[in-house]
Amino acid sequence: MQEIKRYRCIKECDFELCDDDGFTMDGKYKTVEPGSIWQESKYMIAGGSDSVHLDREATGQNKGEWCEPTKETLEKCFEQIKSIYA
């Protein structure tokens, strides 16, 4: 079984939107709201070695949302919660 780390946003933060190829979309941002739950993934789209890929846990219309905060932003804006195992 593999551990999947989970995080809860505790401080609103913004990320540049990226297309499916990892290119930023000029002037377009996504706001991550406090209370939203995210799962860590090893799949990286646009971030570098100092980033973590997070997929939002689906709650209806939020299916498919993701962000790639730096580890510094992860510490400031998210708290780790109970992991799941798959």
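Descriptive notes on the structure:
- Rounded percent of accessible protein surface that carbon and sulfur make up, the chain, 1.4 Å probe: 46
- For region 1-75: rounded, prolate or oblate by the Cα gyration tensor [a/c cutoff 1.5]: rounded
- Label point at residue 85 placed 7 Å out along Cα→Cβ; residues across region 1-29 whose backbone nitrogen lies under 16 Å: 1-6
- Partners of residue 82 within straight-line reach, counting lysines whose Cα lies under 30 Å from its Cα and excluding those fewer than 8 residues away in the same chain: 5, 11, 30, 42, 63, 71.
- Virtual spin-label span in nm between residue 16 and residue 43, 7 Å along Cα→Cβ: 2.2
- The residues of the chain expose on average 68 square angstrom of accessible surface per residue, using a 1.4 Å probe on protein heavy atoms.
- Normalised contact order of the chain, rounded percent, pairs of Cα under 8 Å and 6 or more residues apart: 38
- Structure-based [θ]222 nm, the chain - -39500 (n - 2.57) summed over DSSP H runs of at least 4, per residue, nearest 500: -2000 deg cm²/dmol
- Distant-in-sequence amide contacts of residue 84, defined by a placed amide H-H separation under 5 Å and a gap of 5 or more residues or a different chain, comprise 4, 6.
The values are calculated or read from the model by the stated rules, or taken from the named source; none is laboratory data. In this text, all values refer to a predicted model and were calculated from it rather than measured experimentally. Virtual Cβ from ideal backbone geometry, glycine too; neighbours counted across all protein chains shown. Heads up: the accessible areas ignore ligands, DNA and RNA and are worked out on the full protein's heavy atoms, side chains in. Shrake-Rupley method; radii C 1.70, N 1.55, O 1.52, S 1.80 Å.
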